[in-house]
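Asks: Got a structure for you, written out below as structure tokens; questions coming shortly.
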Amino acid sequence: MTLLEKLRSEGEERGKQEVYKEAIELGITLKFPGDLDVVMNQVNEIHDLDTLKEITKTIKTANDVSEILALLK
């Protein structure tokens, strides 16, 4: 893999992470607005795309913000 390919791949990964973080922020804002700061402070520290995807899916079915916070630990 060339340096250019590596940089492009890393950029794409970071871009995907940002999209998921924005989706998580929107979901929390709509569903659990009082807990936005608590959740997003922890979400912004996550760099694993699979974890971000799982959080996004969990927001859809979560009855309580604790279900989301459990994924952040």
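Asks: Tell me the label only: which of (i) 27, 10, 10; (ii) 22, 13, 10; (iii) 57, 10, 9 is semi-axes √(5λ) of the Cα gyration tensor in Å as calculated from this structure?
Replies: Looking at semi-axes √(5λ) of the Cα gyration tensor in Å for this model, the match is (i).
Asks: How about Lys73: which aspartates and glutamates have a C-alpha closer than 17 Å to its C-alpha, ignoring those fewer than 8 places off in the same chain?
Replies: Partners found: Asp35, Asp37, Glu45, Asp48, Asp50, Glu54, Asp64.
Read-outs: derived from the displayed coordinates by stated rules, not from any lab. Just so we're clear, the structure is a prediction, and the values are computed from it rather than from any experiment.
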